[in-house]
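This report refers to the structure that appears directly beneath it.
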Amino acid sequence: MKKFPAPEEQIVMTHAAFICQVVELIQSPARRDDFQALLEFARDNGWTNLVGAIRRIAAGERELGLLKGMDREDRIIAEAIMRGLQNPATLPDSTARPDPEMAAPGLAGMIVAARRGNMQALQLISEMAEQMRRVGGPMARLAAVIRPLINGERDPLTLCRGMDEKTEQMVLAMLEELKKSEFN
């Protein structure tokens, strides 16, 4: 049985390339234009608060107070950037890709925890669904089934309506994991 990384570690792994790129560009004043372009791209994709924090970090601010008011995912990313600037050995592997086999069990585990009243799991999976929704396409369709799954919907025909094959396979794998988890 695979051991699941902590939710914070999953967020850092998911955004490893971005975290490493931000740290590299902050430390390379000659690449200021690249840094600005990266931040504009991030802002245009909904990371307004995170971009504000990154600008403050790039200006030398390292107080944890700058993370106030940020959602959990943004805060974890900003903390990883600050750690990486202080000690590059703490940076995640920017070439590593999350294990797709872990996605269905990980999401199912958070859905079960949210159904059982775990507010931290509900908040995390809600933030993840919002990020997936912003990506659009199949990811948005997958995000659209998170709430029904939390509410107890288990009919694959209802959940998978309009999905491409890959997204449907993910939902079916989540349903299998939910079936196992909910009987324990």
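Need one word for segment 45-140: rounded, prolate or oblate. Basis is the Cα gyration tensor (sqrt eigenvalues a ≥ b ≥ c); a/c below 1.5 gives rounded, then a/b vs b/c decides. Prolate shape, in that a/c is at least 1.5 and a/b is the bigger ratio. Total lysine pairs in the chain at Cα distances under 27 Å, for residues eight or more apart or on different chains: 8. Between the Cα long axis of helix 72-86 and the first principal axis of the chain there is an angle of about 40°, rounded to the nearest 10.
Under 10 Å, Cα contacts only: if you run a Gaussian network model on the chain, which one of Thr95, Thr14, Thr167 comes out with the highest mean-square fluctuation? Maximum fluctuation in the GNM of the chain, among the listed residues, is at Thr95.
Rounded if a/c is under 1.5, else prolate if a/b is larger than b/c, else oblate: which is segment 7-90, with a ≥ b ≥ c the root eigenvalues of its Cα gyration tensor? Judged from the Cα gyration tensor, segment 7-90 comes out rounded (a/c under 1.5). Among (1) 37, 26, 13; (2) 33, 17, 15; (3) 42, 18, 15, which one is semi-axes √(5λ) of the Cα gyration tensor in Å computed from these coordinates? After the calculation, the listed value that fits is (2).
Shown here for segment 1-73: GluC sites (Glu not before Pro) in loop regions (DSSP other than H, G, I, E, B) with at most 15 other Cβ atoms within 10 Å, namely Glu61, Glu63.
For segment 141-181, the square roots of the Cα gyration tensor eigenvalues, ordered a ≥ b ≥ c, give a/c of at least 1.5 with a/b no greater than b/c, which places it in the oblate category. Helical runs (DSSP H, four residues minimum) scored at -39500 (n - 2.57) apiece and divided by the length of the chain put the mean residue ellipticity at 222 nm at -21000 deg cm²/dmol.
Since every read-out is calculated from the coordinates, none of them should be taken as a lab result. Fair warning: this is a prediction, and the values are worked out from it, not measured in the lab. Virtual Cβ from ideal backbone geometry, glycine too; neighbours counted across all protein chains shown.
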